[in-house]
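What follows is a short report on a single structure.
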């Protein structure tokens, strides 16, 4: 097991930051190429007219997931040393719902709003301001809701993963995720054909 | 002509995806517990004292309802039943040191705190669990020390400063929560609950630098 | 310059997945955006009032005491995102001032709703410990249980709200 390289090899922070920067450049480039700098394009997914977000996101998730499964099966990537988002079930779900509201109203998410800002979308700048404000407010009330956020009522389940939860191996879960994604893509294409005709001109 | 080419690309893509997915179905998963023998890493942890937690921290965490915590009493069943720390679960040492126990009880990523009457047995259990990749700690001084400090806080005496007295009263309510016998009950009923106002509890250290998400 | 058409979402998705995979493989972490904004806020708060940061158990985790909240890979990553988006925008002809919204509202109204939407999103992202990149993409790929739950909650919340704000977009 020699990966994650920076963890096993105990690389210095500076190198990790440089690499993160480079990866970020790639990420931002890909996002913009796919059109995610445009808030209207992003929002149209919720009206089933432009499902680019769904296609891109699930292609990405499936690809990375497959890579992780293969690499860990070869014994190259050590899952225990890799970051797996810890599960805090209830704040995760409530926070997710709130984020959903924000996405539908604002048309962006933090990563895409940065891309929007980089391509001079004025509304992205306003969105970013809103994000900063929302984060600030959360920081102020966070200690008050600690038992929900962190403690007894958070539904904390550690580094729980779908394979652990369902009881199947990661490879099997991955297989079904890929099948679901393919089905989703087929469905997305169908929906876009049905509802999307009026959406293909840019705003 | 161009359209036909595009469709072909797409079909190749889907075909490739199916093959990959099919292979994935049969891939072995990673062994849940990471058994690793890293004596120098363990030595480092011991030297820095990162293998211990204090009774003060533990009582704070239990009071807060911190639920990424598993408290394990490794003494025999009879001793556990005579008296144990609130919220502890009993896994006697001989049962603990079995591969099947380790692989079933300690896979949820929670912080594990071990205690025995003193510390030697807990330390032995600690070594074993540590090599099995469990994030575990020894309770300083064990159950004996817990009894001395948390369950029987020292009365600072009549001439003590105000904050000493407040701390003592807070410590008494902690002791009551854990079922201890306080030597002198405080006269008025206005004892502050839970919050001792002492320093913030020690942050949990991971075995390497702890990876955080965003 | 006439803007070029958008690239194929599937190809872009696979590329993004490879970048995400590289991130896990090299650094052990995934991609994330909201964390960078959180740290920026903490850094500002710290420069105005360090005591406030130290006293708040949540903020202290990011920037309390001697910790520099900006000394973190997320900051460098989000700067990279900006640069990457900029490069792609310039290369594709999409680098121009625009205010995107549906035909039924004005620019000003869009700005107002952008702020409101951003505020909701920012708040929710910290409650859920991540945004769509940090949770849905990164957590989704690592098959984290909570991440999939959060991901579904995001889309559920968005689709449910979309009907009520449709005037903004269509």
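Coordinate-derived values only; no laboratory data. Just so we're clear, the structure is a prediction, and the values are computed from it rather than from any experiment. Positions of Cβ are generated from backbone atoms using ideal geometry, with glycine treated the same way; all protein chains shown enter the neighbour counts.
Over all Cα pairs of chain C, how is the pair count split among 5 Å bins, expressed in % and running from 0 up to the last occupied bin?
Per 5 Å bin, starting at 0, the Cα pair percentages come out as 1, 7, 11, 14, 17, 19, 15, 9, 4, 1, 0.
Considering just Cα atoms, how many Å³ per residue does the convex hull of the stretch A:104-194 enclose?
So the per-residue hull volume is 185 Å³.
Just want the ordering: B:136, A:109, C:131, from fewest to most Cβ atoms lying within 10 Å of their own Cβ.
With the sparsest Cβ surroundings first, the list reads B:136, A:109, C:131.
Using only Cα atoms, what Kirkwood radius does the stretch C:101-170 have, in angstroms?
It works out to 13.2 Å.
GNM on chain C, C-alpha springs below 10 Å: top fluctuator among C:35, C:130, C:64?
C:64
Can you give me the Cα centroid spacing of the stretch C:155-170 and the stretch C:1-59 in angstrom?
Rounded to whole Å, the Cα centres lie 25 Å apart.
Let me understand the stretch B:39-147 better: what is its radius of gyration from the alpha carbons, and its Dmax, in angstrom?
Both quantities, over Cα of the stretch B:39-147: 13.0, 39 Å.
Based only on Cα atoms, what mean projected area does the convex hull of the protein assembly as shown have, in nm²?
Projected area, direction-averaged: 29.7 nm².
Given Cα pairs under 8 Å that are at least 6 residues apart, what percent is the relative contact order of chain A?
About 32 percent, as a whole number.
May I ask for the percentage of alpha-carbon pairs in the stretch A:18-164 that lie more than 23 Å from each other?
52 percent
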